[in-house]
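Working notes, beginning with the structure itself.
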Amino acid sequence: MIHFCLVTPDRVLADEEVLSISLPTVEGELTILPHHAELTALLVPGIIKIKKSGKNVEEEVAVSGGFIHVTKDRQAIVLADTAERGHELEISVMEEAKKRAQEVMRQAVTKDDVSFAAAAAALERELARYKVASRHHHGHKKNPAGVGQDG
């Protein structure tokens, strides 16, 4: 087991023993298992998947970025900018946020690289939130409404 702690500036979202954690990092998805080597990594907007003992499903949490630090004594600490569980997110609100982020992205294409990068990060954050909300509210793992596809 791994002691997993997920902290945002506003709250402690998780402080529990888990089997594994998969996280979105700048190097790609990273899965932390017991006896993982020590590391610190930068998180990108995406979904943290938490596998708990005695459950066949993974809990999903949308994060907007942050850091993970894994210690040699089986602790995984995530300091996230924001983190939200599916039941905390309303699909209708997420759909509107996704549309706004896509529009900002379209407008940023003609602007400088910094504006484009900021818009892309905002879109990734909203897509992760939308996926977590949709999966929670619909109870399935399929790609909801073409999320992540062009459009």
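Condition check ((1) modelled with pLDDT of 90 or more; (2) in contact with a helix residue (DSSP H, G or I) (Cβ under 6 Å, 6 or more places away or on another chain); (3) not polar (S, T, N, Q)) across all residues:
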| site | (1), (2), (3) |
| --- | --- |
| Asn56 | no, no, no |
| Val63 | yes, no, yes |
| Gly66 | yes, no, yes |
| Val70 | yes, no, yes |
| Val78 | yes, no, yes |
| Gly86 | no, yes, yes |
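Take Gly66 and tell me if it is crowded, with 17+ Cβ neighbours inside 10 Å and under 21 Å from Ala120 (Cα atoms). Answer is yes for this residue.
Each row is one residue, and each column tells you yes or no for (1) crowded, with 17+ Cβ neighbours inside 10 Å; (2) touching a strand residue (DSSP E or B) at 6+ places or on another chain (Cβ under 7 Å); (3) closer than 21 Å to Arg129 by Cα.
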position	(1), (2), (3)
Pro9	no, no, yes
Ile21	yes, yes, yes
Pro24	yes, yes, yes
Ile32	yes, yes, no
His36	yes, yes, no
Gly46	yes, yes, yes
Glu60	yes, yes, yes
Ala76	yes, yes, no
Ala101	yes, no, yes
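The values are calculated or read from the model by the stated rules, or taken from the named source; none is laboratory data. In this text, all values refer to a predicted model and were calculated from it rather than measured experimentally. Note: ideal-geometry Cβ built from the backbone for every residue, glycine included; neighbour counts use all protein chains shown.
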